[in-house]
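Here the structure is laid out as structure tokens; the discussion comes afterwards.
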Amino acid sequence: MSPAVHPLAPHLRSLTGRDLAGVLLSIFIVVAPHAARIPWWLTAFTLSLFAWRVGIAARGVPLPPRWILIALAAAATSGIWIEYRTIFGRAPGIVLLAVFSGLKLLESRTHRDATVVAYLCYFLIITNFLYTQTIPTAIGMVAALLVITVTLVGLNAPRRALGTNLRTATLLLAHAAPAALALFLLFPRVQGPLWGLPQDAYAGVTGLSDTMSPGNLAQLAQSDAIAFRAEFHGEPPPPRHRYWRGPVMWDFDGRTWTMGPTLPAVFRPVQGTIRYRYGIVLEPHDRTWLYVLESPSRVPDRTWFTADGRIISRVPVRARLRYDAESIVDATSTADEEPSGLRRALRLPPGSNPRARALAAEWRSASSTDEEIVQRAIAFLLAERIVYTLEPPLLGRDSVDEFLFQTKAGFCEHFSSAFTFLMRAAGIPARVVTGYQGGDINPIDHIVTVRQSDAHAWSEIYLPERGWLRVDPTAAAIPGRVESGLARSVPEGEPLPLMMRARAEWLRALRNNWDAVTHRWNIWMLGYNPERQREFMTFIGLRDADWRSLTAALFTVLGSFTVLLVAWSLRNLTRPDPVQRAWLAFCRKLGAKGVARAPHEGPLDYAERAARGLPADEALIRRISRLYIGLRYGSRALAGDAAELQRLIRKIRPT
């Protein structure tokens, strides 16, 4: 019979319940993480396709005709277009793959059809890493890889036990692990991700914005998401020195502060005595600014410096980024500001916040120096007993007047906005700086973890003899904000993130351990960039880590693995399997009795001749031959037949 019509050919083997269960489990593991990221109706539609296929198998009814599947595919594609306004991009593309996997399953009748679905599941594994590369995701996808491989082995060896298929799949993946490790370590790295992602890949990224309005930092401060981690060479700075500089706001329309144009500048190192060296692992935020402690004493590689003291990346940060920085926290600045910059730092929207303007004019007329005006402003904020809250009331057009004289409740953006407005109204150039203040020191590895809940805003004023100076009106009015943190500064009952609550100590301890593990994962796995690859190559003795030497090393290692694997596989070719060893032992015993097997003689002919020559063992010889032929050439051998063959052969006694 030709292989094309062999009854065991994959395209003729019908799916069994076990086969269908393996394929469904494979799809579920790789698609389930996407359920929380896509619209509920698309999730329900995909699950209904899987349930439909299970129902068909349970009731034994025919699969749906091709025209129904085509109609469902068209409807799903139209729905995805309506939802996303495109069928290209990360989210719509993944949904299409998930839906089409269900549709393919609905037309799967044979093992060959199910094999296509299993290969599609391999591809769907990758889509989960387009959203997150965390340790749980990696563990889940390794489990998915094992389940899919077990399913594929079962589709190609349908009569083997599940445990045997699991051992085979594990062995296959173990063979692939050294090659995967070599590819990870030696494949030439490039800066940034290996492939570009569509713009919608960053739609859900949280972080500071290039604008600041009343209430937006208060909303961000309720997020427990990590903004970045900092690893210091030596002891981390105390809380009062942990001001992580970010966007600088210059322009004010009465309610919203905006950055305006970004102007490059020549970096001039600042002077001071308290110096910190540290490395930052920044989470992706789809912006170009980087965060460093005030004030930087050098600029990280592949960045540039702005006129208002920011560090800017050359490309948006769309993947986890590690960079080294150095700052002097007691720096003194005497840099002169351009006249155009000073005029910009005095602009106010005409007619806005008249009460704040009048108050600033009083301070100007009653003060002899700019420093005295600053002190009057801080004393005013303290005397007003303004409430520091994560739930500030809504403000109207004159947001500064309403905050200072009516609601008297706000978050750091309210304080910094009001203070900067008052300074400008009093004739002192001022601007708003947003960033992060503080950060938790992990007692496990002493890494400073800065979260979105540490988002902060403060002011900078310009004094002719001293340059730009930081003034934090929030810290002045609420001193506990800097030293004690957000949780101890807001009123009781505020909607704090879970880990900030007083009764979550055991959760914080658990999180600290997990953060320590995650940081190492980010550094050594996700942060394995060209610099770290060069360090590794130097460590193993290859100092020229260009793409040529890396490629040569990679192919050398892979070639060595291949030779070793082939040699290990070929070592068993000269060894007979247990059934064959038992048959050869049987032939030797009969040969000792005077009935030797001729080289050309098959098992059936030999057994017939031996039975006639040894009538005393005839029944045993015939039984052994039938059992051997069934094991060697049959398709319905039982699990205990091999052991039974060996037991029967032991009964034959030599002469």
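Between LEU172 and THR134, the FRET efficiency estimated from the beta carbon spacing at R0 = 25 angstrom works out to 0.45. Between the helical axis of 530-539 and the longest alpha-carbon principal axis of the chain there is an angle of about 60 degrees. Applying the Karplus relation 6.51 cos²θ - 1.76 cosθ + 1.60 with θ = phi - 60° to the stretch 434-447 yields 3J(HN,Hα) values of 10, x, 9, 10, x, x, 9, 8, 6, x, 6, 10, 6, 7 Hz, where x marks Gly and Pro. Using Cβ point charges alone (K and R +1, D and E -1), the dipole size of the chain about the Cα centre works out to roughly 4260 debye. Computed from the C-beta positions of GLU384 and ALA75 and an R0 of 56 Å, the FRET efficiency is 0.35 to the nearest 0.05.
Here the stretch 221-378 has 50 percent of its accessible surface on carbon and sulfur atoms, given a 1.4 Å probe and all protein chains in place.
For the stretch 555-617 versus the stretch 221-290, the spacing of their alpha-carbon centroids is 74 Å. Accessible surface of TRP524, taken over heavy atoms with a 1.4 Å probe and every protein chain present, rounds to 130 Å².
Each listed q (0.12 Å⁻¹) maps to a log10 I(q)/I(0) for the chain, found by the Debye formula over equal Cα scatterers with no solvent: -1.28.
Rounded to the nearest 20 debye, the dipole magnitude of the stretch 201-313 is 400 debye, with +1 charges on Lys and Arg beta carbons, -1 on Asp and Glu beta carbons, and the Cα centre as origin.
With a Cα-only, solvent-free Debye model of the stretch 242-329, what are the log10 I(q)/I(0) values at q = 0.19, 0.21, 0.25 Å⁻¹? Normalising to I(0) and taking log10 leaves -0.90, -1.06, -1.34. Within straight-line reach of LYS593, meaning a Cα separation under 22 Å, sit the following lysines at least 8 residues removed in sequence or on another chain: LYS651. The listed residues HIS414, HIS175, HIS241, once ranked by accessible area (1.4 Å probe) with the largest placed first, stand as HIS175, HIS241, HIS414. Taking a ≥ b ≥ c as the square roots of the eigenvalues of the alpha carbon gyration tensor, the stretch 386-472 is oblate, as a/c is not under 1.5 and a/b does not beat b/c. For a test of the definition: using alpha carbon positions, the gyration tensor, and the 1.5 limit on a/c, classify the stretch 327-441 as rounded, prolate or oblate. Oblate, because a/c is 1.5 or more while a/b does not exceed b/c.
The angle separating the long axis of helix 603-613 from the principal Cα axis of greatest extent in the chain is about 40 degrees. The phi torsions of the stretch 144-154, fed into the Karplus equation with coefficients 6.51, -1.76 and 1.60 and a -60° offset, translate into couplings of 4, 4, 5, 5, 5, 5, 4, 4, 5, 4, x Hz, rounded to whole numbers, with Gly and Pro shown as x.
Rounded to the nearest 10 square angstrom, HIS519 shows an accessible area of 0 square angstrom against a 1.4 Å probe. Accessible surface for the chain, divided over its residues, is 51 Å² per residue with a 1.4 Å probe.
Between the helical axis of 547-570 and the longest alpha-carbon principal axis of the chain there is an angle of about 30 degrees. Which FRET efficiency value, to the nearest 0.05, is calculated for GLU362 and ASP324 with the Förster distance at 51 angstrom and r the Cβ-Cβ distance? After rounding, the FRET efficiency stands at 0.60. By the helix-only formula, in which each DSSP H run with n ≥ 4 contributes -39500 (n - 2.57) and the sum is divided by residues, the chain has a 222 nm mean residue ellipticity of -15000 deg cm²/dmol.
Net length available on complete extension from TRP521 to THR262 is 89.8 nm, with 0.36 nm assigned per residue and the Cα-Cα distance removed. Dimensions of the stretch 97-139 along the principal axes, based on C-alpha atoms and rounded to the nearest Å, stand at 37, 17, 12, largest first.
So which chymotrypsin sites (Phe, Trp or Tyr not before Pro) in the stretch 74-108 are both in a DSSP loop and have at most 11 other Cβ atoms within 10 Å of their Cβ? Within the stretch 74-108, the qualifying chymotrypsin sites (Phe, Trp or Tyr not before Pro) (loop, at most 11 other Cβ atoms within 10 Å) are PHE88.
Positive end of the dipole of the chain, charges at C-beta (+1 Lys, Arg; -1 Asp, Glu), about the Cα centre: which of ASN165, THR562, TYR291 has its Cα farthest in that direction? So the residue we want is ASN165.
The values are calculated or read from the model by the stated rules, or taken from the named source; none is laboratory data. Quick caveat, the model's predicted, so the values are computed rather than measured. In this analysis, Cβ positions are derived from the backbone assuming ideal geometry, glycine residues included, and neighbour counts consider all displayed protein chains. In case anyone asks, the SASA skips ligands and DNA or RNA and just uses the protein heavy atoms, side chains included. Shrake-Rupley method; radii C 1.70, N 1.55, O 1.52, S 1.80 Å.
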